[in-house]
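This report concerns only the one structure given below.
The values are calculated or read from the model by the stated rules, or taken from the named source; none is laboratory data. Predicted model only: the values in this text are computed from it and were never measured. Note that each Cβ is placed from the backbone with ideal geometry, even for glycine, and that neighbours are counted across all protein chains shown. We work out accessible area using only protein heavy atoms, side chains counted, and drop any ligands, DNA or RNA first. Shrake-Rupley method; radii C 1.70, N 1.55, O 1.52, S 1.80 Å.
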Amino acid sequence: MKNVIKRCKKFFKKHSTSLLIIVLLVISGIAHGYNMFHFPYYENDEGTYMSQAWSLLTQGKVEPYTYWYDHAPGGWIFIALWTLISGGFFTFGVTVNSGRVFMLLLHIASTFFLFKVTKKISGKTFAATIAVLFFAFSPLGIYYQRRVLLDNIMTFWIFLSLYLLTNTSSKLRYIALSALTFGIAILSKENAIFFIPGFLYVIYTKFNKHHRTFALIEWLTINGIIVSLYFIYAILKSEFFPVGFMGNYTPHVSLITSLMSQASRGANLPFWNSGSDFYASLQTWLTKDSFITIAGAIASFFTIVISFWKKSFRLPALLVGFFLIFLMRGKLVIDFYVIPLLPFLGMSIGMTTELFVDKLTSKAKFLYIPITLLLIAGIGVYYYFHQIGQYTHDETTPQVNAINWIKNNLPADSNIIIDDYMYVDLHAKRYPGDKVFPNANWAWKIEDDPAVTLATDDENWTMTVYIALSHEMVKQIKSNNFPFIKKALDDATLLDDWNDGYGYRNVSTYISTNGDWMSIYKVKNRFTIILDNTWKFYKKTFIHSYGQVIDPQSNTTTSEGQSYAMLRAVWTNDQATFNGVWAWTKDHMQYRTQDKLFSWEFVKQGNKFVEKDTASASDADEDIAMALVMADGRWHDPKYLTAAKAIISDIWRQEVVKVNGEYYLISGSGAARPNGYLVDPSYLSPAYYRIFAQIDPTHPWNQLANDSYVLLNKLGGNNNQLPPNWILINNVNGAIESAAPYVSDQYQADYGYDSFRIFFRVALDAQWNNSSQAKAYLNKYKSFFEQQFKKGDYTAILTNNGKDAVNYDSLSNITGMLAVLSVTDPTTAEQLYFKEFDGQNNIEGGYWKDKTNYYDQNWAWFATALYSNNLPKLWGNK
């Protein structure tokens, strides 16, 4: 037994350092690995580097977009190699997880090198242990070192290079290996160059004067050769010099231009200024880990001071000092730039603490070990009680949920604005048959890359776009870096949302304090934006009291105006406005004793609106009824359908007549004349009648729909003449007669402000019911309106044979032309729409042309909605 104990003591004494290193590596690995797939949230740069690695392996390109030399590709080349070794991008779940495992391995390796280098230059195991513990437990370090960042890859290569200089013999081959690995560090992240003075100092002090110069030249030369590969690549790609160099004005990316751009980034403010990048980053560092930030700053100061008389402190002094100069230079500083500084802060803390303890116990050596153990335990206790959620919080599940939601709910060809973290997950198949999304693009590229055209032509942007909104994107919107995405988000509706609640966010004010959430938005396309904005303007301008629509040019309120507002409200899903307009209409217009129809006109007398004509107008009655039917379909409240049924029944009883075996919708309850009935053909709405037939089966509504087409064809469809505004139906034989004796409008027999609506109502039948009757009727006018478009003739009123009756045009009346062409000639319809309707729309103001023209504002809206297929039926077979 004694021999066993003796051998154990001998073994532990001989291998104590190795065992300590193993323990420290295990501790460091657990500290960084535990919960690393859940904390912190996936930052967009992580996705950037993973997608660049994916692009290298799958596309043979340095990145999936235009590579503009913002960073040398060394870092993601190694990520790509790692994925090959580890079995692919999805071995550990989502793509970023694979990169995080790689970061963990690099961190453990860096921990080993930190221990070895610190012990070598200080000669003290205690200093090396303290350095490693701070490096392992610092929440600031864990927060950034778990992430797939080039700075972590760079840090590994820096420490490997430093280890080769400090822990090997003075042989030139180790100088070469050190230079090689440091060159790789620079190609991983350019910030490595600020550590060069420390490396040159090591070489200078390590070699005697006979070999010193050669060693320095060898190290710098090999380093330069490795780094020059970056420049050679750009030269071979003809992307080294800027546009215009030696007469080359062909647009291209340029390494020199990018370097100059990168060097100019930042606020250019002194580091102590509260507006500087360094100051802002410092606040972040203090929030995440005030201890290492403050203790590291104090230890760095003492390290620099002590280095003037103690040589062992000069290397950490140079490494920390020059990198601090870089951070405080007054230009761009991103918070994760602190990553390579952290191990050297740990080194400074370890060495200054060891020196302090050594001096303190110089006369009581027996206290050295207890104090060191107490300090080591203190570090663990402190960080146990000062966590930022690195072992308990789950910030990534919302991000994973967003990926899965897109995969399960969106079409593969969807245009999606995304945070970079999900790029590979959406572009690559996780398993055979998995859906991929080739049109999912980084938010930064949507804003800045000319090759990604989503943002470059937003004036004609009609595609459907989704936004996978993240914390990082909201931050950039708040900083005015994403103006296009901000505009898109302002015109988007929320589809789904995930939030674990550790931070605060208010998307409406573009505030987010943490990335533990994700939202999916559907951006309204240009049509929807126009429809929504013009509806908002219309409500503000024309709808008064709790629901009265007033035409400001005539100071009248009509049942037509009320019906248009109700239709628009239900189609835009605006139930509050719908209820208000319907309530006002009931309260003021539905007072006819003989039916549930609506008095058609109110006029202003003094400060009040009074009823002028108690007769009904059948177009408004049927539009109100249809709006109520669709309200029932949209909002599932039976009160709407109950009201609609009464109106529909009375429309048939009071406004439908049968003459000579055919049914006619007459103009209203006052349509009867001594020899017939007044009919406005633009009131005929076969699309409605097919639905009314389901709601009111006691009346032959389908026959009315068929007879309406018979009448329309008699009015010109059979001979390609344009339909008139008004007619009279003889009450004996059903003959079509002139309405001139009863209608004061001099253009009552022409095609104008009423009759254009015929084509709208017929086109609605084509859209809703795929009606062959509707298509046949509209096709009869296809050629005429194509010719009118080619001539640019949009005259407001035309004779029946297509001649100009006036010398002015009207936006409302162009609706008829657009309705015909939308069904019969979509290509010409598109040209017409963007020229006349989109072209004359003030998209921000929310109106077309004359903002006080009640009729134009309504019919331009209906035209846009019809053309863009935004007039859903909302009520099916029930």
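Can you name the helices (runs of 4 or more DSSP H) wholly within the range 759-878 that have at least 3 residues being surrounded by fewer than 20 Cβ atoms within 10 Å (Cβ to Cβ)?
In the range 759-878, the matching helices (runs of 4 or more DSSP H) lie at 772-779, 782-791, 826-832.
Could you grab me the full set of residues in the range 97-136 that are closer than 23 Å to Ala80 by Cα and either aliphatic (A, V, I, L, M) or outside any helix (DSSP H, G or I) (or both)?
Val101, Met103, Leu104, Leu105, Leu106, Ile108, Ala109
Out of the residues in the range 359-392 that are part of a helix (DSSP H, G or I) and within 41 Å of the chain's Cα centre (by Cα), which is farthest from Gly123 (Cα to Cα)?
Per the criteria, the residue is Phe385.
Under 7 Å between Cβ atoms, at least 6 apart or on separate chains: pull out the pairs that start in the range 849-864 with a residue that is among the charged types (D, E, K, R) and end on any residue that is surrounded by 19 or more Cβ atoms within 10 Å (Cβ to Cβ).
The qualifying pairs are Lys849/Leu811; Lys849/Asp856; Asp850/Asp856; Asp856/Leu811; Asp856/Ser812; Asp856/Trp848.
All but one of (1) at pLDDT 95 or above; (2) within 23 Å of Ile843 (Cβ to Cβ); (3) assigned to a loop (DSSP other than H, G, I, E, B) hold for Phe437, so report the exception by its number.
Tallying (1) at pLDDT 95 or above; (2) within 23 Å of Ile843 (Cβ to Cβ); (3) assigned to a loop (DSSP other than H, G, I, E, B), Phe437 fails exactly one: (2).
Starting from residues that are more than 28 Å from Thr397 (Cβ to Cβ), of a type outside the set (A, V, I, L, M, F, W, C) and not in a helix (DSSP H, G or I), keep the ones in the range 35-62 and report whichever is least open to solvent (accessible area, probe 1.4 Å).
It comes out as Gly60.
State whether one or more residues within the range 610-619 are under 20 Å from Met566 (Cα atoms), part of a helix (DSSP H, G or I) and not basic (Lys, Arg).
Yes - at least one qualifying residue is present in the range 610-619.
Quick check on this structure: which one of Tyr663, Tyr683 is more than 17 Å from Lys596 (Cβ to Cβ), within 50 Å of the chain's Cα centre (by Cα) and open to solvent by less than 50 Å² (accessible area, probe 1.4 Å)?
Tyr683
Write out, first by first residue and then by second, each pair whose Cβ atoms fall under 8 Å of each other, whose residues are 6+ apart or on separate chains, and whose first residue, in the range 575-590, is over 13 Å from Ala627 (Cα atoms) and of a type in the set (Phe, Trp, Tyr) while the second is assigned to a helix (DSSP H, G or I) and open to solvent by 50 Å² or more (accessible area, probe 1.4 Å).
Short answer, once both residue conditions are applied: none.
So, in the range 461-496, exactly how many residues are modelled with pLDDT of 90 or more, open to solvent by less than 10 Å² (accessible area, probe 1.4 Å) and either among the hydroxyl-bearing types (Ser, Thr, Tyr) or under 13 Å from Lys522 (Cβ atoms) (or both)?
4
Looking at (1) part of a helix (DSSP H, G or I); (2) at pLDDT 95 or above; (3) open to solvent by 40 Å² or more (accessible area, probe 1.4 Å), which is the one condition that is false for Ile406?
Of (1) part of a helix (DSSP H, G or I); (2) at pLDDT 95 or above; (3) open to solvent by 40 Å² or more (accessible area, probe 1.4 Å), only one is false for Ile406: (3).
Which ones in the range 409-425 are charged (D, E, K, R) and surrounded by fewer than 22 Cβ atoms within 10 Å (Cβ to Cβ)?
Matches in the range 409-425: Asp413 only.
Got a number for residues in the range 498-519 being open to solvent by less than 30 Å² (accessible area, probe 1.4 Å) and charged (D, E, K, R)?
Counting residues in the range 498-519 that are open to solvent by less than 30 Å² (accessible area, probe 1.4 Å) and charged (D, E, K, R) gives 1.
Would you confirm, using the coordinates I've provided, whether Gln788 is within 22 Å of Asn702 (Cβ to Cβ), among the polar types (S, T, N, Q) and touching a helix residue (DSSP H, G or I) at 6+ places or on another chain (Cβ under 7 Å)?
Against the criterion (within 22 Å of Asn702 (Cβ to Cβ), among the polar types (S, T, N, Q) and touching a helix residue (DSSP H, G or I) at 6+ places or on another chain (Cβ under 7 Å)), Gln788 does not qualify.
Exactly one of (1) among the hydrophobic types (A, V, I, L, M, F, W, C); (2) at pLDDT below 95; (3) in contact with a helix residue (DSSP H, G or I) (Cβ under 7 Å, 6 or more places away or on another chain) is unmet by Leu373. Its number?
Among (1) among the hydrophobic types (A, V, I, L, M, F, W, C); (2) at pLDDT below 95; (3) in contact with a helix residue (DSSP H, G or I) (Cβ under 7 Å, 6 or more places away or on another chain), Leu373 violates only (3).
For the range 229-242, which positions are open to solvent by less than 40 Å² (accessible area, probe 1.4 Å) and closer than 19 Å to Gly183 by Cα?
Residues satisfying the conditions are Tyr230, Ala234.
Of all residues in the range 46-69, count the ones that are under 22 Å from the mean Cα position of the chain (by Cα) and under 15 Å from Asp425 (Cα atoms).
So the count comes out to 8.
Just give me the residues in the range 70-107 being under 18 Å from Lys429 (Cβ atoms) and in contact with an Asp or Glu (Cβ under 7 Å, 6 or more places away or on another chain), in sequence order.
Val94, Thr95, Val96, listed by residue number.
Counting only residues that are open to solvent by 10 Å² or more (accessible area, probe 1.4 Å), farther than 25 Å from Gln390 by Cα and touching a residue at least 12 places away in the same chain (Cβ under 8 Å), give me the helices (runs of 4 or more DSSP H) lying completely in the range 276-358 with at least 3 of them.
290-306, 314-327
Name the residue, out of Lys522, Lys540, that is open to solvent by 20 Å² or more (accessible area, probe 1.4 Å) and modelled with pLDDT of 95 or more.
Lys540
Report whether or not Ala263 is part of a helix (DSSP H, G or I) and open to solvent by 40 Å² or more (accessible area, probe 1.4 Å).
Taking the combined requirement at face value, the residue satisfies it.
Given the conditions (1) under 21 Å from Ala672 (Cα atoms); (2) out of contact with any helix residue (DSSP H, G or I) (no Cβ under 6 Å at 6 or more places or on another chain); (3) of a type outside the set (Ser, Thr, Tyr), report the number of the one that Val610 does not fulfil.
(1)
Among residues belonging to the range 71-96 that are assigned to a loop (DSSP other than H, G, I, E, B), surrounded by fewer than 21 Cβ atoms within 10 Å (Cβ to Cβ) and touching a residue at least 24 places away in the same chain (Cβ under 8 Å), point out the one that is farthest from the chain's Cα centre (by Cα).
Phe92
I'd like to check something: does the range 645-654 contain any residue that is in contact with a strand residue (DSSP E or B) (Cβ under 9 Å, 6 or more places away or on another chain), over 28 Å from Thr572 (Cα atoms) and basic (Lys, Arg)?
no
Does at least one position in the range 787-803 carry a residue that is in contact with a Lys or Arg (Cβ under 7 Å, 6 or more places away or on another chain) and at positive phi?
Within the range 787-803 (the criterion being in contact with a Lys or Arg (Cβ under 7 Å, 6 or more places away or on another chain) and at positive phi), the answer is no, since none of the residues qualifies.
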